[in-house]
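A short worksheet on the structure shown next.
The values are calculated or read from the model by the stated rules, or taken from the named source; none is laboratory data. Here the structure is a predicted model, which means the values were calculated and not measured. As a convention, Cβ positions derive from the backbone with ideal geometry for all residues, glycine included, and neighbour counts pool all protein chains shown.
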Amino acid sequence: MLHQYEKLVLHSLKAGSKTLDELADSTGLNKDSASRACYWLKDKGAVEIHETVTQGFKLGEEGKKFLESGFPEFNLIKKLHAGKAFSELSDEEKRIGLPWAKRKEWLEIEGNIFKLSKLGEKILREGQNEVLMLKKISEAKSLGKEDIDAVKALLGRGDVLRTTESKQLSLSITKKGEGLAGKEAADIHGEIHLHGDVGARKLVNTLTKEDITTGRWKEKEYREYDDSPVERSRPGKKHPLRKAISRIRKIFLELGFEEMEDRLVESSFWNFDALFQPQDHPARDLMDTFYLSSPEKISLPKDEVVDRVKKAHEEKWKYKWSREVAEQAVLRTHDTAISPQYMLKVRKGEKKAPAKFFAVGRVYRNEATDFKHLSEFYQVGGIIVYEDATFRDLLGLLKEFYRKLGFEKIRFIPNYFPYTEPSVQVEVYYEDRKQWLELGGAGVFRPEVCLPTWGKYPVLAWGLGLERPVMLMMGVKDIRQFYRNDVSWLREARV
Amino acid sequence: MLPSIGLPVESVEGDSIYVDVTPNRPDLLSIEGIARALSTFMGGKPKHYSAKDSGIKLHIDNSVLPVRPFIVAAVVKNVKIDEKKIESLMQLQEKIHETYGRKRRKISIGVHNLDAVQPPFFYKAVEPSSYSFIPLDMEKKLTLSKILELHPKGVEYGGIIKEFKKYPLLVDSKEQALSFPPIINGELTRVDANTKNIFIDVTGTDANAIMDALKIVSLALVDRGGELFTVEVIGKRKFETPDLSEKVVALPAEKINKMLGMDFTEAQLLKLLAKMGYDSSNKKVKMPCYRVDIMDWVDLAEDVAIAHGYNNFPPSLPNFFSIGQEKRSELLEGKVRELMVGLNFLEVLCPNLTNEQECFGKMLATEKPHVKIKNPKVEEYTMMRPWLAPSLLKVISESKQAELPIRIFEIGDAISLEGADVKQTRSLACVLYDPKATFSEIKSFADAVAREMGWAVEMRPCEHPSFIKGRAAEIVHKKKRVGVFGEIHPQVLNNFQLEQPVALLELDITSFL
C-alpha cells in the first residue's frame, strides 16, 4: 500500500511530468507534503527528481515607486507637453527624468528650450511599455518577447529590477512508478476489463463479500500480482537494547535470580565505601564520577553498617575515614552499588540467604563520549549470597549466562577490583570477527565487603556490559547509535 | 603468558608489548618487576632481598611534620646504568606517582646521584622565598616559590603544597638541595650514565605507602645488579629503611580450598604459591617483601587461582534451589510496553542526562527542583530529566528524514527532587508527529492505555505551558495528577525546529503499582 500522498502524486505524474508547483496545484497538497511524497517515491524507484534553477525578476524599491507614480522621464514630458514651466518640475523629474528623457531621445533641445521629439509624442500617446513590463512582473505574469528590450534596459538602472533565482523540482514518473500507479488504480476501481486475447473474460482484482456469499467467484478470474514494490508496513517495535535487556532478564529469572530494585542517585557510601574503595581512590576522582550539587548529600543509613565499613577502611587501608566524603551524592558509577544494600537486607532478615540477586540498570561515567564510550550506559549486575558458594560456581554461572546468550566460547583472565578477590575479567570469543572481547568484570567480594554488610562470607559478584554484546550481535560499530534514536534506523534495526 | 599472571596485553607493536598493570600491583610497574614475576611463574626460585647498613643518616625536622610528614630512603651502590635504564627508572617513578601515589599527593619519589652530595641529610620545611637552588632541567637558581610559578612540574603539582606557609625540602650537610618534594629534584644530583651510587628518597602522607614505593624502586635497581644499603631515618623515632622483612603466615589451606571450591593438597598449594613468588617452610608461607598488595588470606587465594589458571577450574553451579522473581515495576512496565507496541508505536531509549534549556526552556515550562550535576564535563549534561517529553521531541527533531507519520514512545526514568529526597519514577511518554496529530487522537491513546491496563483515571482539561491553550488535559488518579496529554504549543515546536503538529502523552506509571 502506498501512502495517500504518494498515490495522489503518482496519479498526477502519470498524466505528465510536472514541476513541484504544478504538482502541488494538481494534487491539492501543499508543497512540503508533495515534495516529501516525491522523495519517498524516489526511494521506491517510482519517481525521478531533477532540480532546475530558473531566473526571474522582481521589482526593486525604485521599480515599485515607478510603477505606482510613473517614471520621472515620463512625468517630465507629460508636464512639458501640458505647458508647465521648467521651474514647476519636481526635483526628481529634473535630476533623473531629464537625463533619461534626453538619452531616450524623447526631447529635442533647441537653444535653451526643451521640446518633445516625435518619439516623445508617440510615447505620450501610447504609454510607456516599460511600465507595462513592471506591471507584469509585479503581478507575476510571464513576460513576452516584447518585454526583453525593456528588461535589458532597466536591469542596469538603479534599483528598478532585481533578479531572482528559484530552484524548481521537476518530477517525472518512472516505468516502475507507472506499474505502481496502474496497480493502485486497479485497487481503487476493483475491476478492470481486458480486451484482445483475453476476450471478454472478466479479470477481477478484489475478492468481495458479495462474490464469496453469492458464489459469483466461480465466474471470475483474479488478477495475478506482479513483483512491483509495495509500501513498507511500519510495526510498533521494542528498542534493540530493550530486547536484549528482556532476554538477559529472562536468563537470570530462569536461573532463579530475584531482581533488585535499584536507584540511579546514590551516596558515595554505597557506591564506593561499602565496596571497600578507599576515599582517596582514583576512581572516586571528579574526572570519572558525576557528583551532584543538588542534592549535595545523601544521608547514610541509620545502621551500624556505617561504623563497620568505617572500621574496615581504617584498619585495612590505614587512613582516617570521613563521613562527609561518604555522604557525597553521586550518579552511581556501577550497578554493583545496589549489591551491598541487598546483603544488608539479608543480614536484617528482610531477605533470606542463600539468595541470588540481579539487576539491569543504567550507570554513569563522567567521561567524554566517543564511538566506544558513553557517559550513560547499561550494566548487568548480580550477586550470589551463599556461605558455601565457590569461585568455581562464579565461573560456571558466567559460562552458563553467556552460553544462554549465544556465546559458546568464554575465557577468564585475572584482573583487579578493590572489592573482589579473586577478580576476573570475562571475555567472549566472537566468531564473526575471530576476536576475544572483554565484556565485564566479576569476582568474589572481599571479606571487607561481605562482613560489614552481610556478616558472613563469601558473596559472588559480577557487573557486565550490555551495549557491547548487543553491538556485536547487531553489527553496530558506534555505541552512540543506540541512544541517537534516529527513527529511520530504529525502523530498520533488527537484533 | 602475561595475561595468565594478571597482566592483560593491551597491544603488541613490533618488539614492544604494552600491558595493563592493575593498581594493586605497583611491583609490576617496572620491567624488572615483570621479569621477577615471570621467572617464578616459570619455575624459578622465589627471591629474597636483604640490605647492608650504609651508615647514612637522614634527620626529620619537626617543621616538616604539618606539611608532608613522612620520608624514607635507601642507597643502591655500584649500579650499571645507561640512558635506556634511566628512562625506564623514570617511567617507573612516574607510574607510581600517577596511580598508587595519587598524583604525587600520597607518594613522591626522588632518585639522586649520591656522590654529588655530602650526608647526613636533613628533611625540613622552609619559607618558600628563603631558599633557592637549581631545579632539574633549568639553568638558574630559583626560590621555591618561583619554582611553583616557572617550572612545569611546579605548575603541575604546586597545588599539593600551596596551602602551606612552608614548603618541604631535602638538603645535605652543606645545605645543598637534593629535592623539593613533591615537586622537583635539584640539578646537582641528576642521575646520568656515569652515576655509580644512587640515593633514593620517598616522601608522602602515608607511612606505609611510601615504604612500599621505596621497596619497589630500590628492588628494581637491585635486580639490575646494584647493592642495596639501608638509611637510618631519625625523627621522633629511629628506624632503618627500606624494611625488607617478609611476613610469615600459616597456610590457610582450608579457607582457600573452600572458597575456590577445590581440593588442593598443602603441597600443591605451596607449589602454586611458589609460582607467584612466595617461599615457604614448614607449612608457613613467606610473603615476598615487594608484594605490597597482600592484606588478607583472600589475596593468597587469588594468587593460588592465578597460578592454577582461571580457565583450568572446572565450572560448577551453586548447589541451592531458588525461585526467580522479577521486580514489580518491571512486570508493570512490561505490560505497558507490549500495549504500546501493539498500538503501533516505536520504542526509543533516551539518556536521563540532559540540561535545563532542553528540559524547561524549550518546553516553556517553569524550572522545578531537580537533580543537578556538580561537575559537568559538557554543557549538554547538567542535570537528570524530571520528565520524558523533551527527550521525545528531541528524537523527532533529529529524525527529519523519517517518513511520516512518526509514532514513538519511551518508558524511562523521571528523576525529581522532593525536598531533599530524590524521587525516581518510571514514566511512559508517547508522541504523534503527523500533519493530522490532534488532541482527540492522543486522547484516544491515553484512553486505550488506561482501559487496557485497568487503571481508574479521570481526564480533565488543564492548562500547561508546553501545550496549546484549551488543547491539554491532565490524567488524575486517586486525586493526584499522574499524567498530561494534548497538542504541543507551536512555540515549543519552533524551539525544537519541528514542522508538523505534535500530540504528546506523558504518564507516571509508578503511581499505578
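Data table
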item	result
Criterion: touching a helix residue (DSSP H, G or I) at 6+ places or on another chain (Cβ under 7 Å), surrounded by 13 or more Cβ atoms within 10 Å (Cβ to Cβ) and at pLDDT 75 or above - qualifying residue of A:Ile245, A:Ile173	A:Ile173
Residues located in the range A:437-454, provided they are over 22 Å from B:Gly261 (Cβ atoms) and more than 33 Å from the chain's Cα centre (by Cα)	A:Pro452, A:Thr453
Selected residue (only one of A:Arg103, A:Arg162 is farther than 30 Å from A:Ser12 by Cβ, exposed (fewer than 15 other Cβ atoms within 10 Å of the Cβ) and in contact with a Lys or Arg (Cβ under 9 Å, 6 or more places away or on another chain))	A:Arg162
Boolean, B:Val378 is of a type in the set (A, V, I, L, M, F, W, C) and within 7 Å of another protein chain (Cβ to nearest Cβ)	no
Extreme residue, farthest from the other protein chains (Cβ to nearest Cβ), among residues of the range A:383-417 that are crowded, with 20+ Cβ neighbours inside 10 Å and assigned to a loop (DSSP other than H, G, I, E, B)	A:Phe407
A:Glu492 vs. criteria surrounded by fewer than 24 Cβ atoms within 10 Å (Cβ to Cβ), within 20 Å of B:Pro318 (Cα to Cα), out of contact with any Phe, Trp or Tyr (no Cβ under 6 Å at 6 or more places or on another chain) and within 11 Å of another protein chain (Cβ to nearest Cβ)	no
Restricting the range A:227-254 to residues that are among the aliphatic types (A, V, I, L, M) and more than 7 Å from chain B (Cβ to nearest Cβ), the residue that is farthest from A:Met473 (Cα to Cα)	A:Val230
Strands (runs of 3 or more DSSP E) completely within the range B:1-75 that count 3 or more residues being at pLDDT 90 or above	B:52-60
Lone qualifier among A:Gly70, A:Gly45 - being on the phi > 0 side of the Ramachandran plot, touching a residue at least 24 places away in the same chain (Cβ under 8 Å) and not assigned by TED's automatic domain parsing to the domain that holds A:Thr163	A:Gly45
Matching option when the condition is of a type outside the set (Asp, Glu) and in a strand (DSSP E or B), among B:Asn185, B:Asn208	B:Asn185
Looking only at the range A:248-296, and only at residues there that are basic (Lys, Arg) and modelled with pLDDT of 95 or more, the one that is farthest from A:Pro340 (Cα to Cα)	A:Lys250
Contacts under 7 angstrom Cβ, first residue in the range B:409-421 being in the same structural domain as B:Leu343 (by TED's automatic domain parsing) and part of a strand (DSSP E or B), partner modelled with pLDDT of 95 or more and aromatic (Phe, Trp, Tyr), 6 or more apart	B:Phe409/B:Phe345; B:Ala414/B:Trp387
Odd one out for B:Asn208 among (1) away from chain A (no Cβ under 14 Å); (2) out of contact with any Asp or Glu (no Cβ under 9 Å at 6 or more places or on another chain)	(1)
Members of the range B:93-121 that are in a helix (DSSP H, G or I), in contact with a Gly (Cβ under 9 Å, 6 or more places away or on another chain) and within 19 Å of B:Ala51 (Cβ to Cβ)	none
Those helices (runs of 4 or more DSSP H) lying entirely in the range A:204-318 with at least 3 residues touching a residue at least 40 places away in the same chain (Cβ under 8 Å)	A:240-254, A:268-271, A:305-312
Number of the exception - B:Ile475 against (1) touching a residue at least 24 places away in the same chain (Cβ under 8 Å); (2) part of a helix (DSSP H, G or I)	(2)
Positions within the range A:421-470 being among the basic types (Lys, Arg), at pLDDT below 90 and not in a helix (DSSP H, G or I), in sequence order	A:Lys434
Failed criterion for B:Ala365 (all others in (1) more than 10 Å from chain A (Cβ to nearest Cβ); (2) touching a strand residue (DSSP E or B) at 6+ places or on another chain (Cβ under 8 Å); (3) in contact (Cβ under 8 Å) with a residue 40 or more places away in the chain hold)	(2)
All positions within the range B:297-316 that are assigned to a loop (DSSP other than H, G, I, E, B), at negative phi and either touching a residue at least 12 places away in the same chain (Cβ under 8 Å) or buried (at least 19 other Cβ atoms within 10 Å of the Cβ) (or both)	B:Phe313, B:Ser316
Filtered residue count, the range A:342-371, keeping only those that are assigned to a loop (DSSP other than H, G, I, E, B) and either within 11 Å of chain B (Cβ to nearest Cβ) or of a type in the set (Lys, Arg) (or both)	9
Residue within the range A:372-381 that is within 39 Å of the chain's Cα centre (by Cα), in a loop (DSSP other than H, G, I, E, B), surrounded by fewer than 19 Cβ atoms within 10 Å (Cβ to Cβ) and more than 8 Å from chain B (Cβ to nearest Cβ) present	yes
Candidates B:Ile411, B:Ile415 - the one that is buried (at least 18 other Cβ atoms within 10 Å of the Cβ), more than 7 Å from chain A (Cβ to nearest Cβ) and over 20 Å from B:His489 (Cα atoms)	B:Ile411
Odd one out for A:Phe482 among (1) more than 29 Å from the chain's Cα centre (by Cα); (2) modelled with pLDDT under 95; (3) surrounded by 19 or more Cβ atoms within 10 Å (Cβ to Cβ)	(1)
Criterion (within 14 Å of another protein chain (Cβ to nearest Cβ), within 45 Å of the chain's Cα centre (by Cα), part of a loop (DSSP other than H, G, I, E, B) and not acidic (Asp, Glu)) met by exactly one of B:Leu498, B:Leu432	B:Leu498
Extreme residue, surrounded by the fewest Cβ atoms within 10 Å (Cβ to Cβ), among residues of the range B:124-162 that are in a strand (DSSP E or B) and in contact with a Gly (Cβ under 8 Å, 6 or more places away or on another chain)	B:Phe133
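For (1) within 14 Å of another protein chain (Cβ to nearest Cβ); (2) over 19 Å from B:Thr99 (Cβ atoms); (3) surrounded by 16 or more Cβ atoms within 10 Å (Cβ to Cβ), each residue gets a yes or a no:
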residue: A:Ser267; (1), (2), (3): yes, yes, yes
residue: A:Trp270; (1), (2), (3): yes, yes, yes
residue: A:Gln277; (1), (2), (3): yes, no, yes
residue: A:Met287; (1), (2), (3): yes, no, no
residue: A:Lys302; (1), (2), (3): no, yes, no
residue: A:Ala312; (1), (2), (3): yes, yes, yes
residue: A:Lys320; (1), (2), (3): yes, yes, no
residue: A:Arg332; (1), (2), (3): yes, yes, yes
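Table: residues versus (1) part of a strand (DSSP E or B); (2) surrounded by 19 or more Cβ atoms within 10 Å (Cβ to Cβ); (3) more than 7 Å from chain A (Cβ to nearest Cβ).
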| position | (1), (2), (3) |
| --- | --- |
| B:Gly334 | no, no, yes |
| B:Met340 | no, yes, no |
| B:Leu349 | no, yes, no |
| B:Cys359 | no, yes, yes |
| B:Lys400 | no, no, yes |
